[in-house]
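Working notes, beginning with the structure itself.
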């Protein structure tokens with residue numbers, strides 16, 4: 001019987017994170033998934049995360065779910081501790097959790113509060129969750145040299161594309177891009193691959209509010225492939241990494257954007 005692996009996926013209750021978790025389950029991983037959902041009235045909401053957990057269990061994976069604000073050290077500690085207690089290993093970390101500004105504001109008017117919120121969730125959280133998990137991965141691989149551990153950071157085309165109406169988001173994703181390079185460099189000696197997946201315009205709750213705008217832009221040729229991206233497009237890229245197909249390509253940026261990055265004339 002093939003040994004099942006274990007992965008941590010943040011922001012996995014819906015959208016891209018849910019698709020990634022399901023893809024990893026199909027690839028033979030058990031899961032610890034985190035979320036930090038709220039109802040429209042501001043109450044904690046477990047419904048989407050529980051539905052994702054049910055879908056993972058139905059697919060044959062073991063799954064533990066935890067409500068976790070990755071900007072908080074105690075919540076990051078609790079997330080990793082759950083993986084240790086549940087599975088005793090972590091072969092894959094996917095830093096997917098992220099937020100957009102609550103309100104888009106011109107860079108000349110945007111608030112410090114919004115900037116700090118996005119930096120804490122989109123950059124500080126993944127940076128230090130990776131630090132903690134990577135140290136555990138190093139210990140695992142020293143004890144079990146046959147193991148292969150991998151880390152994936154979900155960034156965005158906003159890492160290099162200017163959107164002055166949400167500058168704090170762009171800067172946070174540019175930071176994730178550099179974070180990937182730093183960890184890829186530092187962890188290479190241990191055989192831990194670190195990768196950046198850079199989604200384009202993907203159909204999720206976050207982009208639903210600008211659907212009409214992007215429908216028009218895609219139809220007019222914004223991307224060579226004239227359709228919205230789907231969460232499963234991202235999940236397939238993560239699965240390729242999880243299956244070891246890119247183990248000699250640490251630090252690589254994988255654009256999943258319909259060709260947006262081609263910068264056509």
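The values are calculated or read from the model by the stated rules, or taken from the named source; none is laboratory data. These numbers were taken from a predicted model, which means no experiment stands behind them. Cβ coordinates were reconstructed from backbone atoms using ideal geometry, including for glycine residues, and neighbour counts include every protein chain displayed.
Observations on the model:
- Subset of region 30-53 (residues that are crowded, with 21+ Cβ neighbours inside 10 Å and under 16 Å from the mean Cα position of the chain (by Cα)): 31, 32, 33, 34, 35, 36, 49, 52
- Pairs linking a residue in region 97-110 that is free of Cβ contacts under 8 Å to residues at least 40 places away in the same chain to a residue that is surrounded by fewer than 16 Cβ atoms within 10 Å (Cβ to Cβ), with Cβ atoms under 6 Å and 6 or more positions apart or on different chains, do not occur.
- Members of region 165-190 that are within 14 Å of the chain's Cα centre (by Cα) and within 21 Å of residue 233 (Cβ to Cβ): 173, 176, 177, 180
- Breaking point among (1) part of a helix (DSSP H, G or I); (2) in contact with a helix residue (DSSP H, G or I) (Cβ under 7 Å, 6 or more places away or on another chain), for residue 165: (2)
- Selection from region 191-234 of residues that are closer than 26 Å to residue 149 by Cβ and either buried (at least 22 other Cβ atoms within 10 Å of the Cβ) or over 22 Å from the mean Cα position of the chain (by Cα) (or both): 192, 193, 194, 195, 196, 197, 198, 199, 234
- Residue 61 over 19 Å from the mean Cα position of the chain (by Cα), modelled with pLDDT of 95 or more, under 15 Å from residue 7 (Cα atoms) and crowded, with 22+ Cβ neighbours inside 10 Å: yes
- Taken together, the residues in region 160-210 that are under 19 Å from residue 118 (Cα atoms) and at pLDDT below 95 amount to 5.
- Pair list, Cβ < 6 Å and 6+ apart or interchain, from region 29-43 residues that are at negative phi to residues that are crowded, with 21+ Cβ neighbours inside 10 Å and assigned to a loop (DSSP other than H, G, I, E, B): 30/61; 31/61; 33/12; 34/10; 34/68; 35/13; 37/13
- Residues (in contact with a strand residue (DSSP E or B) (Cβ under 8 Å, 6 or more places away or on another chain) and under 15 Å from residue 123 (Cα atoms)) located in region 152-169: 152, 153, 154, 155, 156, 159
- Note on region 172-265: enclosed helices (runs of 4 or more DSSP H) holding 2 or more residues that are farther than 24 Å from residue 14 by Cα and without any contact (Cβ under 8 Å) to a residue 60 or more places away in the chain are 211-219.
- In region 136-148, the condition of being over 30 Å from residue 29 (Cβ atoms) and either surrounded by 13 or more Cβ atoms within 10 Å (Cβ to Cβ) or free of Cβ contacts under 8 Å to residues at least 12 places away in the same chain (or both) is met by no residue.
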